[in-house]
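Please treat every number below as a calculation from the coordinates, not as lab data. Keep in mind it's a predicted model, so treat the numbers as computed, not measured. A quick note on method: Cβ atoms are made from the backbone with ideal geometry, for glycine too, and the neighbour counts reach across all protein chains shown.
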Amino acid sequence: MSKNKNFIDEEILSYVGYSSSNKNRSGFFFIIDDYIANTESLNRKLEISPLSKAIEKHLWLRNYVKSIPKKPLGYFIRVIENAKIDFPIQACFYTKKSKSQIIHNIFVAEPNSKAHLISGCTTSIQECKHTGISHYLIKDNASLSVTRIHHWLPTTSVFSKSSTLVKKNGIFISNYIVLYPPKKEQSHSITNVKENGTTRFNTVVYAKEYSNFNINDEVFLEEKNARSEIINKALSKGGKVITRGHIQGRGENTKGHMECNGLLLNDRGKIETMPALEAINSKTDLSHEAGIGRISGEELNYLMSRGIDEETAKSLIVRGFLDVEIKGLPEQLQKFIHKLIKKISIEGTT
Amino acid sequence: MKKKYLLEIKNLWVKAGKKLILKEINLSISAGESHIIFGPNGSGKSTLLGAIMGLPHLKVIKGDIIFKGDSILDFPIYERARKGIGIGFQNPPAVRGVKLKKFLEIINTSQKEIQDVAKELNTKKLLERDINKEFSGGEKKTCEIMQLLLQKPDLALLDEPDSGIDVENIKIVSKSIKRMLQKDLPLIKRSRSAIIITHSGNILDYVNMDAGYVMIDGKLVCGTNPSDIFDKIKESGYEDCYRCFSLGDENVKK
């Protein structure tokens with residue numbers, strides 16, 4: 001591989017948080033096409049291995065996830081009991097030659113553990129199809145944050161599925177950011193939350209003219225005091241976005257809230273939101289709010305009345321709409337996301 | 001020699017949509033003067049401020065607005081602001097995602113001034129929040145004054161700064177308005193001017209005004225001493241103003 005090619009790879013990978021020289025990471029898992037390029041744990045309380053090996057070592061995995069293929073490509077990450085992993089774990093899935101990549105991942109947070117996973121997916125090849133299937137198991141009193149950052153080409157197709165089980169007092173936070181959209185993306189997550197469990201989903205997508213998103217999050221608050229919040233933000237500059245959400249309150253004193261916000265930058269795009277709430281216990285508390293529209297003239301006039309021109313005012317509003325502060329995100333990555341949001345906010349207003 | 005005004009409104013007629021709101025408005029303000037406009041709800045007070053600021057839903061169909069010697073009718077809002085006009089809205093909108101502090105830093109680049117003004121108005125707790133999002137009525141008013149203090153306009157347009165806030169906050173807001181309008185200086189040395197509109201008149205207990213008017217049905221009437229107008233309104237509401245107004249323009253001007 002030439003030096004120049006290496007440099008290009010490094011740059012593409014940095015967009016999703018990956019760098020071989022990264023400090024402040026607890027471990028790495030890196031796949032290029034169908035080749036596992038790096039598996040490294042820098043914390044002895046953290047087990048990181050290819051899933052194909054893990055299913056031989058942990059026989060219970062076959063029973064836990066029935067759909068694992070014979071030779072899965074993907075990670076198995078396990079944080080051992082009581083371990084608090086300080087720095088994020090970095091996973092990265094990159095296609096540079098292969099037209100198709102199918103990933104199966106399993107993350108297990110053992111009781112009383114705490115970790116943050118940054119999972120980046122990207123490509124440098126046209127017309128690539130990326131499929132990601134992930135399972136997260138958050139055991140009693142454990143806490144896991146997953147930040148997924150996707151960076152695609154206008155010809156990429158993406159299919160992603162995830163299932164999450166949050167056990168007693170567990171916490172699961174999912175941040176999903178797509179600022180370089182693919183041609184087509186379908187994602188579906190199902191989360192089951194047990195007693196006192198908490199989940200939060202933050203999704204931010206930017207849909208350009210060529211892109212089509214269909215995002216579906218389902219949460220089942222199965223036992224008492226389970227809580228969930230789903231916050232979706234979609235910015236369309238000509239692209240189509242459908243966000244569906246479903247929260248079911250089954251347990252006593254469960255609480256669920258859903259927010260769907262959409263901002264249309266022109267008339268060529270479409271944002272559709274379908275929040276669904278289902279109460280099957282009289283002591284569940286479910287709510288949702290949704291707001292979709294263009295940039296409000298009243299807000300623009302307000303900002304302009306302080307001496308800011310229209311472009312700058314629009315850009316401020318777009319930037320504010322997309323802005324995501326993710327706790328525990330490495331500074332460098334947060335800076336990159338801010339830079340990207342700034343770029344989109346300028347691009348979005350022209 | 002012809003007197004130079006900071007703001008001159010000449011025979012201004014303004015429509016909102018198809019509805020004619022302002023009729024034959026004439027008003028002149030010199031540098032350093034503060035004028036107050038009373039009037040019942042719906043009389044057109046906010047429309048006047050909006051027309052001066054250039055809010056796009058208002059259409060000037062006749063007349064002129066001259067600020068610092070130039071007609072500003074063709075100026076967009078931000079250019080009017082840059083020329084020295086600032087407005088404190090009665091019901092400012094929430095701007096989701098835009099942090100107040102970030103916005104203030106665009107209005108005024110001095111961190112020290114931002115912190116000082118936030119301390120003065122007891123609004124430090126609002127700085128990290130989205131502009132006006134879930135602000136109480138009082139917080140919205142103080143936030144508007146805070147922005148104007150940092151913007152330092154030559155002409156401040158204040159739309160009901162005294163409504164919807166408790167006595168304690170009126171005192172705080174009024175003190176800042178007095179500072180903004182350089183009320184500690186003699187009139188001749190002041191450079192900042194204001195048009196304040198009110199229907200309650202509470203602000204008069206704290207800020208001295210140089211001239212007062214009543215707006216009835218889109219017309220400015222009774223240009224006289226602000227305290228006299230307020231005493232009359234306190235005594236009999238706007239009834240006398242309507243009666244006076246119905247007698248015709250000659251009486252109105254008196």
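Key figures for this structure:
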{"quantity": "Dipole magnitude (debye, nearest 20) for the protein assembly as shown, charges at Cβ of Lys, Arg, Asp, Glu", "calculated": "1560"}
{"quantity": "The stretch A:64-130 versus the stretch B:107-155: alpha-carbon centroid distance in Å", "calculated": "46"}
{"quantity": "Cα shape, chain A, gyration tensor, a/c 1.5 rule", "calculated": "oblate"}
{"quantity": "Cβ charges +1 (Lys, Arg) and -1 (Asp, Glu), total dipole of chain A, debye", "calculated": "980"}
{"quantity": "C-alpha center-to-center spacing [the stretch A:147-192, the stretch A:42-59] in angstrom", "calculated": "23"}
{"quantity": "Proxy reagent accessibility, fewest Cβ within 10 Å first, across A:Trp152, A:Trp60, B:Trp13", "calculated": "A:Trp60, B:Trp13, A:Trp152"}
{"quantity": "B:Arg82/A:Glu10 FRET efficiency (R0 45 Å; Cβ-Cβ; nearest 0.05)", "calculated": "0.50"}
{"quantity": "A:Glu298/A:His338 FRET efficiency (R0 30 Å; Cβ-Cβ; nearest 0.05)", "calculated": "0.65"}
{"quantity": "Virtual spin-label span in nm between A:Arg200 and B:Leu20, 7 Å along Cα→Cβ", "calculated": "5.7"}
{"quantity": "Stretchable slack from B:Asp166 to B:Glu105, in nm (0.36 nm times residue separation minus alpha-carbon distance)", "calculated": "19.1 nm"}
{"quantity": "Fully extended contour minus Cα-Cα distance, from B:Lys62 to B:Lys125, at 0.36 nm per residue", "calculated": "18.2 nm"}
{"quantity": "Computed [θ] at 222 nm, helices only, for the protein assembly as shown once each DSSP H run of length n ≥ 4 contributes -39500 (n - 2.57)", "calculated": "-7500 deg cm²/dmol"}
{"quantity": "Crossing angle, helix B:167-180 versus chain B [Cα axis fit, 0-90 degrees, rounded to tens]", "calculated": "80"}
{"quantity": "Distance violations [Cα-Cα > 22 Å] among B:Lys19/B:Lys59; B:Lys133/B:Lys171; B:Lys119/B:Lys175; A:Lys71/A:Lys129; B:Lys171/B:Lys219", "calculated": "B:Lys133/B:Lys171; B:Lys171/B:Lys219"}
{"quantity": "Rounded to 5, percent antiparallel among DSSP beta bridges of chain B", "calculated": "55"}
{"quantity": "Residues B:Phe67, A:Phe159, sorted so that the one with the fewest Cβ neighbours within 10 Å comes first", "calculated": "A:Phe159, B:Phe67"}
{"quantity": "Nearest 10 degrees, 0 to 90: helix B:137-151 Cα axis against chain B principal axis", "calculated": "90"}
{"quantity": "Rounded Å value of the spacing that divides the Cα centres of the stretch B:204-230 and the stretch A:203-281", "calculated": "53"}
{"quantity": "Neighbourhood net charge (15 Å Cβ-Cβ; Lys/Arg +1, Asp/Glu -1) for A:Lys70", "calculated": "+2"}
{"quantity": "Shape of the stretch B:76-190, Cα gyration tensor, a/c cut at 1.5", "calculated": "rounded"}
{"quantity": "Mean Cα-pair separation over length for the stretch B:1-116, i.e. relative contact order, pairs under 8 Å, 6 or more apart, %", "calculated": "25"}
{"quantity": "Ranked A:Tyr18, A:Tyr210, B:Tyr78, criterion: other C-beta atoms within 10 Å, fewest first", "calculated": "A:Tyr210, B:Tyr78, A:Tyr18"}
{"quantity": "Within a Gaussian network of chain A (alpha carbon springs, distance under 10 Å), most fluctuating of A:Tyr302, A:Tyr206, A:Tyr35", "calculated": "A:Tyr302"}
{"quantity": "Considering only chain A, percent of DSSP beta bridges that pair antiparallel, nearest 5", "calculated": "10"}
{"quantity": "Exceeding the 30 Å Cα-Cα cut-off - candidates B:Lys4/B:Lys99; A:Lys96/A:Lys342; B:Lys10/B:Lys140", "calculated": "B:Lys4/B:Lys99; B:Lys10/B:Lys140"}
{"quantity": "20 Å reach of a label modelled at B:Leu185, 7 Å along Cα-to-Cβ, counting backbone N of the stretch B:29-45", "calculated": "B:29-36"}
{"quantity": "Pairwise label distance in nanometres, B:Ser136 with B:Ser236, each label 7 Å out on the Cα-Cβ vector", "calculated": "3.9"}
{"quantity": "Net length gained if the chain between A:Lys97 and A:Thr131 were fully extended (0.36 nm per residue, minus Cα distance)", "calculated": "10.7 nm"}
{"quantity": "Degrees separating the helix B:226-236 axis from the principal Cα axis of chain B, which is the longest one", "calculated": "70"}
{"quantity": "Listed pairs A:Lys167/A:Lys233; A:Lys66/A:Lys139; B:Lys62/B:Lys152; B:Lys68/B:Lys189; A:Lys45/A:Lys70 exceeding 23 Å between Cα atoms", "calculated": "A:Lys167/A:Lys233; B:Lys62/B:Lys152; A:Lys45/A:Lys70"}
{"quantity": "In nm, spacing of pseudo-spin labels at B:Asp205 and B:Glu113 (7 Å Cα→C-beta vector)", "calculated": "3.2"}
{"quantity": "Positive-end residue, the stretch A:53-173 charge dipole about Cα centroid, Cβ charges, pick of A:Thr156, A:Asn112, A:Pro72", "calculated": "A:Pro72"}
{"quantity": "Positive minus negative residues near A:Asn216 (Lys, Arg vs Asp, Glu; Cβ under 13 Å)", "calculated": "-2"}
{"quantity": "Relative contact order (percent, whole number), chain A, Cα cutoff 8 Å, 6+ residue spacing", "calculated": "10"}
